[in-house]
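Trainee: Below is the structure I would like to discuss, written out as structure tokens.
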């Protein structure tokens, strides 16, 4: 009789411990009732998102979407799912957010929020940009997505923000091109320098170092002219005529580069002699 008492006590303690343990385990959607009105579900999801309970927010919004497919909150719910991934952050979450925003644009292309979704897609790549000398994949994607917003939603109130971000992204991309062009110029490998620098000044005219880029471009053309002139051909021959034509073409392009420096950036006056030399 007395031997059974410790056993019974032990069983009671184990049962009490199990009950306590069960109280600590919470189902994230335990309080989500699919029979609740759509607005209640939406408000609950937004509150969860506000308190960084991303999983609860997504599951609640998904319940709304599945239960009330004709609800006026459907579009906002889908956008909320994307926002939950976006705010959560991290490369995996941001990739999922981009997919959700793309889906939103597909289903609701004419809603004002479609521009917001496009801006968020661009911002996702903007946030993951690296320095000019590192991987430029995200910078290129950010440029593409900001351009897409400007082209697709020209009347959006988000346009100023997109344009400012686009300029910042292009500064990074232009920095990369400038560093490569200058490297080839110093090497020296003038044809490669010309290719990089010409592309740079054509594509990014607002670049902060556009004046330096144009000057190096002019110098590269002049240096290449000097290399070409070292090749001797019989005057009047086809090779000589081709050489003279190329020299004239490069001289004109050098002069054009220097002229842009003086016209657009009047603070740069050290190029004046170079302009006169190139135009002779």
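Trainee: Take region 143-168 and flag every residue that is assigned to a loop (DSSP other than H, G, I, E, B) and either surrounded by fewer than 15 Cβ atoms within 10 Å (Cβ to Cβ) or without any contact (Cβ under 8 Å) to a residue 12 or more places away in the chain (or both).
Mentor: Initially, region 143-168 is screened for residues assigned to a loop (DSSP other than H, G, I, E, B), giving 153-158.
Those that are assigned to a loop (DSSP other than H, G, I, E, B) and either surrounded by fewer than 15 Cβ atoms within 10 Å (Cβ to Cβ) or without any contact (Cβ under 8 Å) to a residue 12 or more places away in the chain (or both): 154, 155, 157.
Trainee: Test each condition in (1) modelled with pLDDT of 50 or more; (2) farther than 30 Å from residue 119 by Cβ; (3) surrounded by fewer than 14 Cβ atoms within 10 Å (Cβ to Cβ) for residue 89 and report the one that comes out false.
Mentor: Only one criterion is unmet by residue 89, namely (2).
Trainee: Also, quick follow-up: Need at least 3 residues that are under 30 Å from residue 168 (Cα atoms) per element, so show me which helices (runs of 4 or more DSSP H) inside region 48-135 make the cut, counting only ones lying wholly within it. Spell out the reasoning first.
Mentor: Working: elements: 54-67, 74-88, 91-107, 113-127.
Per the criteria, 74-88, 91-107, 113-127.
Trainee: If I filter region 94-101 for residues that are more than 20 Å from residue 149 (Cβ to Cβ) and modelled with pLDDT of 95 or more, do I get at least one hit? Outline the logic, then answer.
Mentor: If we filter region 94-101 for residues that are more than 20 Å from residue 149 (Cβ to Cβ), which is where we start, we get 96.
Those still in the list that are modelled with pLDDT of 95 or more too: 96.
Yes: region 94-101 contains one or more residues that are more than 20 Å from residue 149 (Cβ to Cβ) and modelled with pLDDT of 95 or more.
Trainee: Further, regarding this structure: Across region 132-141, what is the number of residues that are without any contact (Cβ under 8 Å) to a residue 40 or more places away in the chain and farther than 23 Å from residue 108 by Cβ?
Mentor: Number satisfying all stated conditions: 6.
Trainee: Give the residue, chosen from 248, 232, 241, that is assigned to a loop (DSSP other than H, G, I, E, B), over 30 Å from residue 127 (Cβ atoms) and free of Cβ contacts under 8 Å to residues at least 40 places away in the same chain.
Mentor: Working: 248 fails: assigned to a loop (DSSP other than H, G, I, E, B); 241 fails: assigned to a loop (DSSP other than H, G, I, E, B).
Answer to the check: 232.
The values are calculated or read from the model by the stated rules, or taken from the named source; none is laboratory data. Here the structure is a predicted model, which is why all the values come from computation and not from measurement. Cβ coordinates were reconstructed from backbone atoms using ideal geometry, including for glycine residues, and neighbour counts include every protein chain displayed.
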